[in-house]
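Novice: Right, I'll just put the structure down here and ask away after.
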Amino acid sequence: MSAGLNIGVKTSLRQAVIVSAVSIAYLLVSVALVGFKSDQLVLIGIYNALFYLSPTTRKFITGFSIFVVYWIIFDYMKAFPNYNYNAVHIADLYNLEKHLFGINFNGEILTPNEYWRANGNTFLDIMGGIFYLCWIPVPLAFAAYMFFKDRKQFLYFSLTFVLVNFLGFIVYYLYPAAPPWYVEYHGFNFIAATHGNTAGLVKFDNYFHAGIFKSIYSKGSNVFAAMPSLHSSYPIIVLYYGLKNRLGLANIFFVMVMFGIWFTAVYASHHYILDVLAGILTAFAGIGLFNVLVKRVKFFREFTENYQKAIK
């Protein structure tokens, strides 16, 4: 019994040292790369609190470390703007969108974004804002539900989610692309370090006298990362695992959110239809790649099995 307790104490101390070291390292690297932000202390505080609170919360935050890693990498992209590595696509993407999906309005060919900018209404402004607010809460809520329902499916969903993001990040650097609102405000001229913009979502903020989307887009990592639209990827991953786990009526909600986000991405001038289509393809590619990795790559399969044991 004494030996067993000693082993347990040693393991706990080792874990505590690792968590503390990683927390300090994260803060130091973050300050060096992107500067100090209060969000960093909040993340460290939440992580450590859940790690030490109870065995269940420790397993919970260990599982959700997948999302923490995603967020940290996304944040660090600010230090390495994609426009430093490849030319930003502005006019060519705009013209291709107009060529493929242009709408004749009052004798002029408009992109779908321009059409909806001229023909929007309050109902669509409100519904679009509600749908767009779902892009992160719905995947995280789904992940939390799956954590308590089926740890294996939780892990598969989480890893697929991050893999899809990594694929999207690769495209961001290979094909930097300006969003539709950039053309509206800046034309076809490239302006490095352009700040994020709420675009059409400002109507939602104004209607409710809130700065919800203003706060969100002020923290964006890179304006020139519109292709693919990962906002459009996320609901597909949720729906895929919702169908896979036979969640019934919840899947109808996921379908509604999916189409709502796709429409709003264009309606609010945050993405072209081409960006949305690229996001859809990225989701399918990520899901397919994950299934291949977990079935055919021994190292990856063993990694997922060991991770699953750690959070059981």
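Novice: Within the stretch 216-303, report the trypsin sites (Lys or Arg not before Pro) that DSSP leaves as loop and that have at most 10 other Cβ atoms within 10 Å.
Specialist: For trypsin sites (Lys or Arg not before Pro) across the stretch 216-303 that sit outside H, G, I, E and B with at most 10 neighbouring Cβ atoms in 10 Å, the list reads ARG246.
Novice: So what are the ³J(HN,Hα) numbers for the stretch 272-289, from phi and the Karplus equation (6.51, -1.76, 1.60; θ = phi - 60°), rounded to whole Hz, Gly and Pro as x?
Specialist: So the Karplus estimates, Gly and Pro as x, are 7, 4, 4, 5, 5, 4, 5, x, 5, 5, 5, 4, 5, 5, x, 4, x, 5 Hz.
Novice: Using a/c under 1.5 as the rounded threshold, could you call the stretch 69-210 rounded, prolate or oblate? The axes a ≥ b ≥ c are square roots of the C-alpha gyration tensor eigenvalues, and prolate needs a/b larger than b/c, oblate otherwise.
Specialist: Cα axes put the stretch 69-210 in the oblate bin.
Novice: Let me ask another. Please return the longest stretch of the chain lacking exposed loop sites, where chymotrypsin sites (Phe, Trp or Tyr not before Pro) count only if DSSP places them in a loop and at most 12 other Cβ atoms lie within 10 Å.
Specialist: Excluding the exposed sites themselves, the longest stretch runs over 209-312.
Novice: Please report, in debye to the nearest 20, how large the charge dipole of the chain is about its Cα centre when each Lys and Arg carries +1 at its beta carbon and each Asp and Glu carries -1 there.
Specialist: Around 1580 debye, computed over the chain.
Novice: Give me Rg over Rh for the stretch 126-194, both radii from the alpha carbons and Rh done the Kirkwood way, two decimal places.
Specialist: On the Cα set of the stretch 126-194, Rg over Rh gives 1.14.
Novice: For a Förster distance of 22 Å, can you work out the FRET efficiency between the beta-carbons of ALA49 and LYS312, rounded to the nearest 0.05?
Specialist: Plugging the Cβ-Cβ distance into 1/(1 + (r/R0)^6) gives 0.50.
Novice: For ILE136 and ILE103, compute 0.36 nm times the residue count separating them, minus their Cα-Cα distance, and round to one decimal in nm.
Specialist: 8.8 nm
Novice: So what is the 222 nm mean residue ellipticity for the chain from helices alone, if each DSSP H run of at least 4 adds -39500 (n - 2.57) and you divide by all residues, rounding to the nearest 500 deg cm²/dmol?
Specialist: Rounded to the nearest 500, it is -23500 deg cm²/dmol.
Novice: May I ask for the Kirkwood hydrodynamic radius of the stretch 205-312, worked out over all distinct Cα pairs and given in angstroms to one decimal?
Specialist: For the stretch 205-312, inverting the mean 1/r across all distinct Cα pairs yields 16.2 Å.
Novice: Given LYS59/LYS298; LYS37/LYS152; LYS98/LYS214, which pairs have Cα atoms separated by over 31 Å?
Specialist: LYS37/LYS152
Novice: Please list, in chain and number order, the residues 5+ apart from ALA177 or on another chain whose amide H is under 5 Å from its amide H, with Hs placed from the backbone.
Specialist: Close amide H contacts, sequence-distant or interchain: HIS89, ALA225, ALA226, MET227.
Novice: Determine the gain in length on full extension of the stretch ASN206-LYS152; use 0.36 nm per residue of separation and subtract their C-alpha separation, reporting nm with one decimal.
Specialist: Full extension from ASN206 to LYS152 adds 15.2 nm.
Novice: Using the Karplus equation 6.51 cos²θ - 1.76 cosθ + 1.60 (θ = phi - 60°), what ³J(HN,Hα) coupling, rounded to whole Hz, does each residue of the stretch 169-176 give in order, writing x for Gly and Pro?
Specialist: 4, 4, 5, 3, 7, 6, 9, x
Novice: Something else now. If each of ALA16 and ARG296 carries a label point 7 Å out from its Cα toward its Cβ, how far apart are those two points in nm?
Specialist: Reported label-point gap for ALA16 and ARG296 is 4.7 nm.
Novice: Quick check on the chain: take the gyration tensor over C-alpha atoms, sort the square-rooted eigenvalues as a ≥ b ≥ c, and tell me if it's rounded (a/c under 1.5), prolate or oblate.
Specialist: Note, shape of the chain comes out prolate.
Novice: Residue by residue, what Karplus-based ³J(HN,Hα) values in Hz, rounded to whole numbers, does the stretch 198-208 have, using 6.51, -1.76 and 1.60 with θ = phi - 60° and x for Gly and Pro?
Specialist: My calculation for the stretch 198-208 gives 6, 6, x, 6, 4, 5, 5, 4, 5, 4, 9 Hz in order.
Novice: Along the Cα→Cβ direction, 7 angstrom out, place labels at PHE123 and LYS219. What is the inter-label distance in nm?
Specialist: Roughly 3.3 nm, to one decimal.
Quick note: the coordinates plus some simple rules give every number you see, no bench work behind them. From a predicted model like this one, the values you see are computed outputs, not experimental measurements. Every residue, glycine among them, receives a Cβ derived from its backbone with ideal geometry; neighbour counts consider all protein chains shown.
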